[in-house]
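Structure, as C-alpha cells:
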C-alpha cells in the first residue's frame, strides 16, 4: 500500500479494501466458462490468420489484387467458371465474379483490415475515455461540468451520419484504414467509456486509500496512476472487450456503404457491397464474407462477456445457454428442503405468551 496509507493506518482508520482478482483467479474463472474458451480459441485463430495472411496466400500461390479474366464466363455476365465459384487446387475458395480475384486471399487480407481497424479504434477509445473520465471524476465541479457536457454531446452524435460527413471531406490520399479507425474512435465509444470511468472514479475516490493519497499532498496525476488505475483496470478491460465487436460491425457498415476502405484494399464490408447483386448467380461471394463477419463478431461478444464475468464473479453471464440452466436446475433439485410429512408446531396459547 502507499506511504499515505501508513499514516492513516497509524491514526486508526480502517484501510482494508477488497483485493482485486489475480491472474490465477482470473484464468480459473475463465476456464470454468466453456463458451468463453471456445470463443477465445476462435479469436486467436482469426488473429493468427490475419497476421499470417502473406504466408497463407504465398502457400496458395495467389494474391488479393490480381485479376484472372480467364476464370470467369463473360457470356454469363462474369460468373466464375466451375463448381462452387471455381474452387480448386489453385483457388481454395474460388474467385470473385467479374474480376476473377482469389477469394481466399481477399478474405484473409480482409481479416487484417477489419481486425486492425477495430483494435486500433478500441485503443484510441479506451485511452481517450479513461483520460477524460478520470479528469472529470477527480477535477473540481467546473472541470467536471465542462467535460460531462462535452461527453454528453459526443454520446448523442449518430455514428454513421458523422462518419459519412467526415469521410467525404478528407483527402483521398490519407490512408483509409487509419482514417476509418480514427473516425470510429472519435465519434463513438470513447464518450461511453468516459462516462463509465467517471462513475467508477467518483466511487473509488471516496475510499480510504485514495482519500489518504490526496490528503498527503499527492498530485492528481500521481493519485490517478498509483491508486485509481489499478481499480479501474477490470471494468475498462471488460468494456474494451465488448467494444471490439462493435467496431468491427461499424467498419463493415461503413465499407458496405462505400465510404470505408477503398479498393483494391480488401475488406469484408467492401466484399459484401460488391456481392449484393450476386447472391443468386454466385452465392459463395456473399456467404463467405458474411460468415466471417458473423463468426468474428459472435466470438468477440462471447469472449467479452466471459472476461466480464471472470473479472467480476458477482456478475451473471448475459449469454448463458441451456447447459448452465440445466446445471442450476439440478442444483436446486438437489438442495435439501422441508420434510413432506413435517407438521408445523402449534402456536402458543395466549396464556403461555402472557
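Of the residues making up the range 202-224, those that are at pLDDT 85 or above and touching a helix residue (DSSP H, G or I) at 6+ places or on another chain (Cβ under 7 Å) are 202, 204. All of (1) within 19 Å of residue 272 (Cβ to Cβ); (2) without any contact (Cβ under 8 Å) to a residue 60 or more places away in the chain; (3) out of contact with any strand residue (DSSP E or B) (no Cβ under 6 Å at 6 or more places or on another chain) hold for residue 112 with one exception: (2). When residue 84 is tested against (1) crowded, with 17+ Cβ neighbours inside 10 Å; (2) touching a residue at least 60 places away in the same chain (Cβ under 8 Å), only condition (1) is not met. What residue, among those in the range 52-72 that are assigned to a loop (DSSP other than H, G, I, E, B) and touching a helix residue (DSSP H, G or I) at 6+ places or on another chain (Cβ under 6 Å), is surrounded by the fewest Cβ atoms within 10 Å (Cβ to Cβ)? Within the range 52-72, the match that is surrounded by the fewest Cβ atoms within 10 Å (Cβ to Cβ) is 63. If you check 119, 147, 128 for being in contact with a helix residue (DSSP H, G or I) (Cβ under 8 Å, 6 or more places away or on another chain), closer than 18 Å to residue 268 by Cα and either modelled with pLDDT of 90 or more or surrounded by fewer than 16 Cβ atoms within 10 Å (Cβ to Cβ) (or both), only one passes: 119.
In the set (1) modelled with pLDDT of 90 or more; (2) not in a helix (DSSP H, G or I), residue 173 fails one condition alone, (1). Screening residue 227 against (1) surrounded by fewer than 18 Cβ atoms within 10 Å (Cβ to Cβ); (2) touching a helix residue (DSSP H, G or I) at 6+ places or on another chain (Cβ under 9 Å); (3) in a helix (DSSP H, G or I) leaves a single unmet condition, (1). Going by what's in this entry, would residue 238 be described as surrounded by 18 or more Cβ atoms within 10 Å (Cβ to Cβ), in a helix (DSSP H, G or I) and at pLDDT 85 or above? For residue 238, the condition - surrounded by 18 or more Cβ atoms within 10 Å (Cβ to Cβ), in a helix (DSSP H, G or I) and at pLDDT 85 or above - is not met. Selection of first residues in the range 223-236 that are without any contact (Cβ under 8 Å) to a residue 12 or more places away in the chain and at negative phi and of second residues that are surrounded by fewer than 19 Cβ atoms within 10 Å (Cβ to Cβ) and not in a helix (DSSP H, G or I), restricted to Cβ pairs under 9 Å at least 6 apart or on distinct chains, gives an empty result.
The number of residues in the range 131-163 being within 21 Å of residue 248 (Cα to Cα) and part of a helix (DSSP H, G or I) comes to 8.
The values are calculated or read from the model by the stated rules, or taken from the named source; none is laboratory data. The structure presented is a predicted model; accordingly, all values stated were derived computationally and were not measured. Neighbour counts run over all protein chains shown; Cβ positions are idealised from the backbone, glycine included.
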